[in-house]
1. Rg over Rh of the chain, using C-alpha atoms and the Kirkwood radius, what does it come to?
2. Tilt of helix 61-72 relative to the longest C-alpha principal axis of the chain, in degrees (0 to 90, nearest 10)?
3. Which values of log₁₀ I(q)/I(0), to two decimal places, follow from the Debye formula for region 188-265 at q = 0.16 Å⁻¹ with a uniform point scatterer at every Cα?
4. May I ask you to derive the relative contact order of the chain, considering only C-alpha pairs under 8 Å and at least 6 residues apart, and to give it as an integer percent?
5. Average the reciprocal distances over every distinct pair of alpha-carbons in region 86-171, invert the result, and give the Kirkwood radius in Å.
6. Could you tell me how many degrees, from 0 to 90 and to the nearest 10, lie between the Cα long axis of helix 120-133 and the main elongation axis, the longest principal axis, of the Cα atoms of the chain?
7. Using the crude model of +1 on Lys and Arg Cβ and -1 on Asp and Glu Cβ, and no other charge, please compute the dipole size for region 220-273 relative to its Cα centre, in debye to 20.
8. Using a 1.4 Å probe, what is the accessible area per residue for the chain, in Å²?
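The values are calculated or read from the model by the stated rules, or taken from the named source; none is laboratory data. Worth saying up front: this structure is predicted, and the values here are computed from it rather than measured. Don't worry about glycine lacking a Cβ; one is built from the backbone with ideal geometry, like all the others, and counts go over all protein chains shown. Heavy atoms of the whole protein, side chains included, go into the accessibility calculation; ligands, DNA and RNA do not. Shrake-Rupley method; radii C 1.70, N 1.55, O 1.52, S 1.80 Å.
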Amino acid sequence: MTDRWTWPPDSAGAVWDAVPTILVLVSRTGAIRSVNNAFVQTCVMGVDEVVGKPVWEVLPVEVGVAALALWETAIIGSVNVPEQVLTDQNGAVRRISWSLTRVVLGRMEPHLLVTGVDLTAERSAQARLLDRVERDPLTGMGNRLYVRRVLTEWLDAVHGSEVAIFYCDLERFKAVNDQHGHRAGDVVLRSAATRLAEALGPEGVVARLGGDEFVALVRARDSADLRRLTHELRNRVAIPIDIGPSTVKVGLSVGLHVAQRGADTDQALQCADEAMYRSKRPWRFRRRR
């Protein structure tokens, strides 16, 4: 039979500092009693800088509120605090999730053990993966998945707003491909995407849905400004594009739909698509004449 392991009396501190999870010991008054090496390295604060300070002055205020709630109520077990942003003294931003648990250490009065898991690297990896999934490799703009996600966020029933959706289709693009080849067509697509983004400015979003179709989004403005922006999109794309030995000129059909806050994303895009096809009719009629 194996004897039960007992910790040597001087080993607790070594274990405390070896744990890779952030550990913060908080007294009943809310004062920080101890932190481990993971805290020092992640938060870039020395032990002497934080010991004795109220936990809500060092950690996100949500952690302080949770600590007070644990002491003032009969909550049993742990309290989890959703992922919070913490900026260290060097300006680096960390994303950390927190958990608080009552603990009794020997003959000491009860304390709170605050544990923090640094999710920064994980979130960065997720963001890079999401960017690859939502990025059109040819133009560098977002793709259909990206524009659907952004539009859904912007139309959120609680925090969203009206959104102006410009559904765009390049005219005479097939002729460029047929006469000058697909490399020239790729140049046109990249140039059109860049020009659309420049016309919208930093507050707008441009995505390529595929082929020669694009969607542009801006927060809704007054109708006169939206008409002006529609003309600006057409005019910018219509500027001749240098494809090497020659230049080509394409047009732009634009369908505008203003979606209301809380609107369905797919239905809003469909309305903009239908508006774009309606805008094509007079253009094609003029061309046939």
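1. 1.22
2. 40 degrees
3. Log10 I(q)/I(0), no solvent term: -0.62.
4. Computed value for the chain: 14 percent relative contact order.
5. 17.6 Å
6. With both axes taken from Cα atoms, the answer is about 20 degrees.
7. 240 debye
8. Using a 1.4 Å probe on heavy atoms only, each residue of the chain averages 57 Å².
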